[in-house]
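The values are calculated or read from the model by the stated rules, or taken from the named source; none is laboratory data. All of these numbers come straight from a predicted model, not from anything done at the bench. Every residue, glycine as well, gets a Cβ built from its backbone with ideal geometry; the counts of neighbours run over all protein chains shown.
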Ligand SMILES: [Zn+2]
């Protein structure tokens, strides 16, 4: 068991904490990237208004229509800042 009152042990513990934080950040970034791959914009024709618009490839509505881009998932991610 290390003693954090010794500089070498405190340094080692700080490095372990930083490495764990780095792993967590990398895992979170990878998860966000996977979500963004699912929620891509694609051009579609909105027959109701008679013109094209972008919709999300990963989201649909209960009524069978596509979700307009950016969908709620992408908006939620973007509120936290783009990685
Ligand atoms: Zn989406």
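Kindly establish whether residue 33 is touching a residue at least 12 places away in the same chain (Cβ under 8 Å) and not assigned by TED's automatic domain parsing to the domain that holds residue 80.
Details: touching a residue at least 12 places away in the same chain (Cβ under 8 Å): yes; not assigned by TED's automatic domain parsing to the domain that holds residue 80: yes.
Taking the combined requirement at face value, the residue satisfies it.
Inspect the range 51-73 for any residue being assigned to a helix (DSSP H, G or I), out of contact with any strand residue (DSSP E or B) (no Cβ under 6 Å at 6 or more places or on another chain) and loosely packed, with under 13 Cβ neighbours inside 10 Å and give the result as yes or no.
Yes, because at least one residue in the range 51-73 is assigned to a helix (DSSP H, G or I), out of contact with any strand residue (DSSP E or B) (no Cβ under 6 Å at 6 or more places or on another chain) and loosely packed, with under 13 Cβ neighbours inside 10 Å.
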Give the residues of the range 45-71 that are within 13 Å of the ligand (Cβ to nearest atom) and touching a residue at least 12 places away in the same chain (Cβ under 8 Å), sorted by residue number. 54, 55, 56, 57, 58, 59, 66, 67, 68, 69, 70, 71
Filtered residue count, the range 6-44, keeping only those that are within 16 Å of the ligand (Cβ to nearest atom) and either assigned to a helix (DSSP H, G or I) or over 25 Å from residue 78 (Cα atoms) (or both): 8
